[in-house]
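What follows is calculated from the coordinates using simple rules that are stated; it is not laboratory data. This is a predicted model, so every value here is computed, not measured. Glycine gets a Cβ as well: all are built from the backbone with ideal geometry, and neighbour counts include every protein chain shown.
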Ligand code: IVH
């Protein structure tokens, strides 16, 4: 068949459209299962395959790239500011019941009954009881089932258009399931799970970025990011709890049924909710959630009671800006005042030093607290907390209590300010130097491979595929090896025997043999891989390769000072500083020597400065998914001919290679008037330069 024949093209296009629709529905179904129901349906690799197939089809048929496609979650370019959105139905707040005991629930029920003119002998009022999520309120507008706009609450009348950021939240469907009405505005809360919050902060610390004080701040900060690319990397979650503007939908009779309907549309609705009767029902819910609170994976700010029947809600109406039919019922403050005896530090997996308050034991929220986090030096300065102060300690839903503030009236004299670097110039775990970068919130141990607190992370990196490539050395195994003190530094890996391994959990003799073989194989490596494997901060794979090429051998690199390091292309003062600091640490040099003594080797060469090759001096940026070449494959080909692959587009970029789903990098390349290639163009360039070479 002639592929350019009209009918042929029509068929192909129709086939592509049908396949794209199938893939989109399938991916949405898996997203729903994974992010909303918390019950994954397929392996990640299979999901990735479906996703890539859809990307390829959309690349070939751009007209098929609809707004509700899962490939379009991240796409928008950074904004200069958010546009204002006027809420068609205002976003109100709810009043808070100040009495945190069961009597608070009785008081609310009494107010509702009085307002409805109910007598004592009249039946109990039915309520919907739910959690008060601690995040930020958001309004999602769906038109004909497709998410068209997301807005923050703002002042309740006018909010900010944060659609691009909200689209990156995987728990929020881009298209509703089933028979969606023409207009449906869903109100709910964007929040961060506690474990996601911890991981995010660890990542922030690793990158020397701002540490968030609590999950709510982190969620709010993420949604108010002007760059959707950054928002996309924040693991946000969502719960729906109500409605805004609605058209063309017959509302159910109760709030409970509204939430059931939202869940059926594929929206996440929290499972901890109940339909209860009267004040006693509310009080029982308050108590049971109170008992459950610490075990929830996210923070709550109390519970919310809503009169269940929408007709009664309407009758009750509003006072000022608050509905008379709803109330927030909180829990007793989990705060107490105690003496701050001392400040010590804890060393995290990334070397970050977290100041920890040692407290005079105090009973808060049901447990005795002796330690509390002070987050970092900036937080200590901001709160002006000093050793010897009486301090307010809060135990939020979090398991880790925090110092909120000093009680200044009880401070005697002028105790000295606490300066972490003065008290801990060296790491309390391993004795290596502690440093804090100029713009960094976090102080860090430079012990790297030597510091036990950082060992697990460092070992995993050392063994990773692009570093020493030790197959089978995963995190479970590393945990066991380090916890049992079998492995302290990467050197110990090369001294492992079958016996020590085979006795570990989930490790038979066969897997032990396989692992030993993988370790054996890794002894023969390249200088670039070895440098990358060391896990020097800010030295990624590309920089490691540049360093290897430039210095030719390890001794020259170890001996290089900051100036010499900056001679390497793309190594600026910050990276040079990190490298020099790493090799200045005697422990690190020792580990390197031991690795060489253990037989880790590579071919050493003379310093090369710059590389030969047809593409020498040319910088490429890859963006989007290429039809046949993987990213690594394309990179390897470019580098084989002396070209460099950079992560971001700038005036210095020579070529931008564009595949499906290319984002802001393509826009930037066009704006700068750079040469843009597709895969064929890249291949042509590679072949051409082959023949020229
Ligand atoms: S209902 C008209 N339900 O609390 C009633 N709000 O003061 C509108 N919130 O910032 C709110 N969990 O984002 C409602 N289950 C819940 C909630 C909830 C948290 C937040 C909401 C707003 C504040 C209301």
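For an R0 of 41 angstrom, estimate the FRET efficiency from the Cβ-Cβ distance between residue 220 and residue 13 and round to the nearest 0.05. The formula returns an efficiency of 0.40 here. Taking the C-alpha atoms only, the angle from helix 452-463 to the longest principal axis of the chain is near 60 degrees. Pair-distance distribution of segment 535-677: all C-alpha pairs, bin width 10 Å, starting at 0; shares per bin in whole percent are 11, 34, 32, 18, 6, 0.
Simple spin-label estimate for residue 648 and residue 556 gives 3.0 nm between the two label positions (7 Å along the Cα-to-Cβ direction from each Cα). Computed over the chain, the per-residue total of -39500 (n - 2.57) for DSSP H runs of n ≥ 4 gives a 222 nm mean residue ellipticity of -11000 deg cm²/dmol, rounded to 500. Once both labels are positioned 7 Å from their Cα atoms along Cα-to-Cβ, the gap between residue 99 and residue 41 label points is 4.9 nm. As a rough guide to protection, the peptides 161-172, 548-559, 240-251 ranked by mean Cβ packing within 10 Å, highest first, stand as 161-172, 548-559, 240-251. The simple Förster model, with R0 at 45 Å and r as the Cβ-Cβ distance, assigns residue 511 and residue 296 a FRET efficiency of 0.75.
Under Stokes-Einstein, with the Kirkwood radius over Cα pairs standing in for Rh, what whole-number D in µm²/s applies to segment 53-194 at 4 °C and 1.567 mPa s?
Working: Rh = 18.6 Å.
Rounded to a whole number, D works out at 70 µm²/s.
The gain in end-to-end length when the residue 640 to residue 245 segment is fully stretched comes to 136.4 nm, 0.36 nm per residue minus the alpha carbon separation.
At an R0 of 41 angstrom, the distance between the Cβ atoms of residue 680 and residue 438 translates into a FRET efficiency of 0.35. Between 0 and 90 degrees, the angle of helix 194-206 with respect to the longest Cα principal axis of the chain falls at about 40 degrees.
Name the shape class, rounded, prolate or oblate, that the alpha-carbon gyration tensor gives for the chain, where a ≥ b ≥ c are the square roots of its eigenvalues, rounded holds for a/c under 1.5, and otherwise prolate holds if a/b is larger than b/c and oblate otherwise.
Working: a/c = 2.15, a/b = 1.29, b/c = 1.66.
Oblate, since a/c reaches 1.5 and b/c is not below a/b.
Calculate how steeply helix 586-597 sits against the longest principal axis of the alpha-carbon atoms of the chain, using the helix alpha-carbon long axis, and give the answer as 0 to 90 degrees to the nearest 10. On a 0 to 90 degree scale, this one is about 60. When the Cα gyration tensor is reduced to axis lengths a ≥ b ≥ c, the ratio a/c is 1.5 or higher for segment 445-487, and with a/b not above b/c it is classed as oblate.
Computed on segment 274-374, the Cα convex hull volume stands at 169 Å³ per residue. Our estimate of slack between residue 370 and residue 177, defined as 0.36 nm per intervening residue step minus the Cα-Cα distance, is 64.5 nm. Once the chain from residue 526 to residue 594 is taken as fully extended at 0.36 nm per residue, the excess over their C-alpha distance is 22.8 nm. Between residue 342 and residue 25, the distance separating the two model label sites (each 7 Å from Cα on the Cα→Cβ line) works out to 6.6 nm.
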